[in-house]
Amino acid sequence: MKVAVTYENGQIFQHFGHSSQFKVYEINENEIISSEVLDTNGSGHGALAGFLKEAGVDVLICGGIGGGAQNALKDAGIKLFGGASGDADKAVADLLKDKLQYNPDVKCSHHEHAHGEGHSDCGSHADHSCGHNCSH
């Protein structure tokens, strides 16, 4: 099994569609056997689901993620754990122990401004750049 995490400086990056890196962990018998950081090389939003599928990813841990990207991941057969935050390595270890804190209803609609400010229920932005103190 392969688990990918939106990645920036050791932390879970909080906007899936703008992720420039993913840390991908190879899991065997519920243990991390290897990991590597992959550059998206400028791919964004919809292309990222295909990027992850090509990398053989089965599970994604991320912060905020929009509905279109969620659908693309679902179509690619990638299980989503959104609304997560904090240390990437710890998140994967917690996932393997069934202790990962995430939001199954995560939404982040930075580009869907028709709904108020376009930042409702943003998962868990560590810097609260969306102007809301989002919690999960």
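The values are calculated or read from the model by the stated rules, or taken from the named source; none is laboratory data. What you see is a predicted model, and the numbers here were worked out from it, not measured in a lab. Virtual Cβ from ideal backbone geometry, glycine too; neighbours counted across all protein chains shown. Note: areas computed on protein heavy atoms with side chains; ligands, DNA, RNA excluded. Shrake-Rupley method; radii C 1.70, N 1.55, O 1.52, S 1.80 Å.
Here are the criteria: (1) within 17 Å of Ile12 (Cβ to Cβ); (2) open to solvent by 70 Å² or more (accessible area, probe 1.4 Å). Tell me which single one Phe81 does not satisfy.
Against the list (1) within 17 Å of Ile12 (Cβ to Cβ); (2) open to solvent by 70 Å² or more (accessible area, probe 1.4 Å), Phe81 comes up short only on (2).
Can we say Gly82 is under 10 Å from the mean Cα position of the chain (by Cα) and closer than 24 Å to Asn28 by Cα?
When the stated conditions are applied, Gly82 passes them.
So Ile32 clears everything in (1) open to solvent by 40 Å² or more (accessible area, probe 1.4 Å); (2) in contact (Cβ under 8 Å) with a residue 24 or more places away in the chain; (3) assigned to a helix (DSSP H, G or I); (4) of a type in the set (A, V, I, L, M) except one condition, right? Which one?
That leaves (3) as the condition not met.
Please determine whether any residue of segment 105-124 is more than 13 Å from Thr6 (Cβ to Cβ), part of a loop (DSSP other than H, G, I, E, B), touching a strand residue (DSSP E or B) at 6+ places or on another chain (Cβ under 6 Å) and modelled with pLDDT under 85.
yes
Search segment 76-94 for residues that are touching a residue at least 24 places away in the same chain (Cβ under 8 Å) and pair each with any residue that is charged (D, E, K, R) and open to solvent by 10 Å² or more (accessible area, probe 1.4 Å) when their beta-carbon atoms are under 6 Å apart and the residues are at least 6 apart or on different chains.
Matching pairs, first to second residue: Ala76/Lys53; Ala88/Lys23.
Collect the residues in segment 35-75 that are part of a loop (DSSP other than H, G, I, E, B) and either at pLDDT 95 or above or among the acidic types (Asp, Glu) (or both), keeping them in residue-number order.
Within segment 35-75, Ala55, Gly56, Val57, Asp58, Cys62, Gly63 meet the criteria.
Would you call Glu26 in contact (Cβ under 8 Å) with a residue 40 or more places away in the chain and within 15 Å of Leu96 (Cβ to Cβ)?
So Glu26 does not fit the description; no.
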